[in-house]
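The values are calculated or read from the model by the stated rules, or taken from the named source; none is laboratory data. This one's a predicted model, so the numbers in the text were calculated from it and none came from an experiment. Please note: Cβ atoms are built from the backbone with ideal geometry, for glycine as well, and neighbour counts cover all protein chains shown.
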Amino acid sequence: MCGRFTLHQDTRDVAKSIGAIELSVVTPFSPSYNIAPSQEVPVILNQGLDFRNQENLHMRLMTWGLRPAWSSGGNQNPINARSETVSEKPMFSRAYEKRRCVIPANGWFEWSIDRAQKTPWYHKKVEDQTIFFAGIWESWATESGERAETFAILTKESQEDISHIHNRMPVILDSGDIDDWLNGQDLQKMVKPINLEAYPVSKEVNSVKSSGSRLVQKIPTLF
């Protein structure tokens, strides 16, 4: 799964790297080393507020934790969706078919469990490149008309080299596959092995209130 991630890169650089329109100046995002569910995060998509495809990719802020348009509210807003079943589950299938997005990141955290001890690990590309998670999004409105846009990150079975940490990982797209994903192409054709680095970090990241680059610094181990 994916329960925390980072985006400490300037979103203008992320947008430029894929030819997308950057975030509006009225919706700023502060780089974060500890993004948690329910927070607003930049996502990349090719649809406007009316759900129609636009000519250019663009960024806008959405809340992490999917809430379908038909939802009555509550706190059951899944942050992940299994890529193997996303097209079948009522919670996700409509968004998978009609509303796809990409979430830029610099890395993500996962926790291993050994003898009842949970250890946080940070995962990133070896080359320190931007990571692009495959996602789905929804637009939900209250009876008063207040609107919220939300998203979930797709997951898959972990690569063998990191499966000892956790059995699930986010679906990561090559930058060249972003358009195909957003335009409804078969996801399985885009899933490729990723050259990743994973290492243990401080348990300080367990608190959503923690922040700063120290959260992604490798801690010494015995091995």
Exercise. If you take the residues of the stretch 30-73 that are among the aromatic types (Phe, Trp, Tyr) and crowded, with 17+ Cβ neighbours inside 10 Å, which of them is farthest from Gly184 (Cα to Cα)?
Worked result: Tyr33
Seminar exercise, completed: Condition set surrounded by 13 or more Cβ atoms within 10 Å (Cβ to Cβ) and without any contact (Cβ under 8 Å) to a residue 12 or more places away in the chain, scope the stretch 173-188, selection nearest to Asn56 (Cα to Cα): answer is Asp180
For this session: Specify the residue that is modelled with the highest pLDDT; the eligible residues are those in the stretch 87-141 that are part of a strand (DSSP E or B), more than 18 Å from the chain's Cα centre (by Cα) and within 23 Å of Pro42 (Cα to Cα).
Result: Trp140
Exercise. For Asn80, are the conditions met, namely being crowded, with 17+ Cβ neighbours inside 10 Å, in contact with a Gly (Cβ under 9 Å, 6 or more places away or on another chain) and polar (S, T, N, Q)?
Worked result: yes
Seminar exercise, completed: Taking the stretch 191-223 and keeping only residues that are under 21 Å from Asn80 (Cα atoms) and either among the small types (Gly, Ala, Ser) or in contact with a strand residue (DSSP E or B) (Cβ under 6 Å, 6 or more places away or on another chain) (or both), one is left with Ile194, Leu196, Ala198, Val205, Ser207
Problem set entry | All positions within the stretch 189-206 that are free of Cβ contacts under 8 Å to residues at least 60 places away in the same chain and surrounded by 11 or more Cβ atoms within 10 Å (Cβ to Cβ) | Met190, Glu204
Exercise. Applying the selection to the stretch 158-172, what residues are assigned to a strand (DSSP E or B), in contact (Cβ under 8 Å) with a residue 60 or more places away in the chain and crowded, with 19+ Cβ neighbours inside 10 Å?
Worked result: Met169, Pro170
Exercise. In the stretch 182-215, how many are at positive phi and in a strand (DSSP E or B)?
Worked result: 0
Exercise. Just wondering, is there one or more residues in the stretch 144-157 that are part of a strand (DSSP E or B), at pLDDT below 90 and either under 27 Å from Asn77 (Cβ atoms) or of a type in the set (Val, Ile, Thr) (or both)?
Worked result: yes
Exercise. Quick check, is Ile18 touching a helix residue (DSSP H, G or I) at 6+ places or on another chain (Cβ under 6 Å), under 27 Å from Lys156 (Cβ atoms) and β-branched (Val, Ile, Thr)?
Worked result: yes
Exercise. What tally of residues in the stretch 1-17 results from selecting those that are assigned to a loop (DSSP other than H, G, I, E, B), closer than 14 Å to Ile131 by Cβ and out of contact with any Pro (no Cβ under 6 Å at 6 or more places or on another chain)?
Worked result: 1
Exercise. If you go through the stretch 18-44 one residue at a time, how many are at negative phi, touching a residue at least 12 places away in the same chain (Cβ under 8 Å) and either in a loop (DSSP other than H, G, I, E, B) or within 12 Å of the chain's Cα centre (by Cα) (or both)?
Worked result: 16
Exercise. (1) of a type in the set (Val, Ile, Thr); (2) surrounded by fewer than 19 Cβ atoms within 10 Å (Cβ to Cβ); (3) touching a residue at least 24 places away in the same chain (Cβ under 8 Å): which one isn't true of Thr155, the others all being true?
Worked result: (2)
Exercise. Can you find a residue in the stretch 58-78 that is charged (D, E, K, R) and more than 19 Å from Trp140 (Cβ to Cβ)?
Worked result: no
